[in-house]
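Student: Sharing a structure here in structure tokens format.
The values are calculated or read from the model by the stated rules, or taken from the named source; none is laboratory data. As the structure is a prediction and not an experimental result, all values here were calculated from the model. A quick note on method: Cβ atoms are made from the backbone with ideal geometry, for glycine too, and the neighbour counts reach across all protein chains shown.
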Amino acid sequence: MSTAAPPIQPRREFSGILKDREQFGSGQSETTSDRINNWFDELMLQSGWELAPTMVLMLCICSGITLAGIVFVVQENFLTTAFAGLCGFLLPVIAAMFARSRRQSVLMNQLPPMLEELARAAKTGRSVEQCLLLVAEDTQAPLGTELKLAAGRLKMGMPLKQALSDLPDRTGLMTLNLMNTTLTVQQQTGGDLVTVLNRLSQAVRDRILFLGRLRAATAASRATATLMIVLPPAILAFFLFRDPNYFQNLMSSTWGRNATLAAVALEVIGAVWVLRILKDSQQT
């Protein structure tokens, strides 16, 4: 009669061999370049593309060169070619921003059912680690992918707090900070885990409902802000492609040059301001 092999015990010394992800930002500097690099690293991580930042940067360069080449062949104008190259370079970044927003929406909707399943697993008397390992296998992507990564770290011997520490950074959902704190404190102090998880699930559902009402109430304002950001570059692109010499004639006069530079500066300041307001209002 054959006997089952004993389970492999996790060893803590293996928890330090995980490969660090590739990133451009250091996270330790307050310079503008480092902030931009950190923002780009977070975007690539939270978009769910599973591509290295270097690969996406190369994709941006290829997209910019392709679009600029097409416009140059059609119009043979260096100004419109440069504008098209800039638009092509930004296309993958804009696509990543839309992918991140959609992924975060799916993750947020998956959280309450996952917490309820975690509570049902806790009713059987399992530990927090065992419950998390069980739920990770049953949860669909993208939340299931992140939980499986944390479960793999637990199997390698990482403490629960360390295994869950980067979930908010990987997903961009600050709500996961609350889950991490709840599970870590419960593991350290004990208590009724089932009740805590059920209350946390209800709190997340209430937060989703509130955010939905907030987005509905501010839909017109967000649409207006987006239109104000997109419309000026779109008008400029229309005139450039209609008349390639339009911008050159505009910049040939002192009044036109000063007005254009002032408009560009105000457009950039307004876009940054509006985007920060929209980001704060949609924080999840």
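Student: Of all residues being of a type in the set (S, T, N, Q) and part of a helix (DSSP H, G or I) in the range 129-165, which is nearest to MET114 (Cα to Cα)? Just the residue, please.
Tutor: THR145
Student: Is the range 190-212 home to any residue that is in a helix (DSSP H, G or I), in contact with a Pro (Cβ under 7 Å, 6 or more places away or on another chain), touching a residue at least 24 places away in the same chain (Cβ under 8 Å) and polar (S, T, N, Q)?
Tutor: yes
Student: Something else: Regarding the range 161-181, can at least one residue be identified that is surrounded by fewer than 17 Cβ atoms within 10 Å (Cβ to Cβ), over 30 Å from ALA96 (Cα atoms) and in the same structural domain as ALA96 (by TED's automatic domain parsing)?
Tutor: no
Student: Surrounded by 12 or more Cβ atoms within 10 Å (Cβ to Cβ), within 30 Å of the chain's Cα centre (by Cα), part of a helix (DSSP H, G or I) and of a type outside the set (Val, Ile, Thr), is that true of GLY270?
Tutor: So GLY270 fits the description; yes.
Student: Name the pairs: first residue in the range 258-284 and farther than 26 Å from ALA217 by Cβ and among the aliphatic types (A, V, I, L, M), second residue surrounded by 11 or more Cβ atoms within 10 Å (Cβ to Cβ) and at pLDDT 70 or above, Cβ to Cβ under 8 Å, at least 6 apart or on different chains?
Tutor: ALA263/PRO232
Student: For the range 94-128, name all the residues that are over 30 Å from THR195 (Cα atoms), surrounded by 19 or more Cβ atoms within 10 Å (Cβ to Cβ) and not basic (Lys, Arg).
Tutor: Matches in the range 94-128: ALA96 only.
Student: Filter the range 67-112 down to the residues that are in contact (Cβ under 8 Å) with a residue 40 or more places away in the chain and closer than 30 Å to ARG207 by Cα and list them by number.
Tutor: Once the filter is applied, which keeps residues that are in contact (Cβ under 8 Å) with a residue 40 or more places away in the chain and closer than 30 Å to ARG207 by Cα, the range 67-112 yields VAL93, ALA96, MET97, ALA99, ARG100, ARG103, GLN104, LEU107, MET108, ASN109, LEU111, PRO112.
Student: While we're here: Test each condition in (1) without any contact (Cβ under 8 Å) to a residue 40 or more places away in the chain; (2) assigned by TED's automatic domain parsing to the domain that holds GLU129 for PHE239 and report the one that comes out false.
Tutor: (2)
Student: Quick test for you: out of LEU86, LEU91, LEU79, LEU43, pick the one residue that is modelled with pLDDT of 90 or more, among the aliphatic types (A, V, I, L, M) and in a helix (DSSP H, G or I).
Tutor: Criteria check complete, one pass: LEU91.
Student: Also: For GLY157, work out the one condition from (1) touching a residue at least 12 places away in the same chain (Cβ under 8 Å); (2) at negative phi it doesn't fulfil.
Tutor: (2)
Student: Yes or no: SER221 of a type in the set (Gly, Ala, Ser) and touching a Leu at 6+ places or on another chain (Cβ under 8 Å)?
Tutor: No: the conditions fail for SER221.
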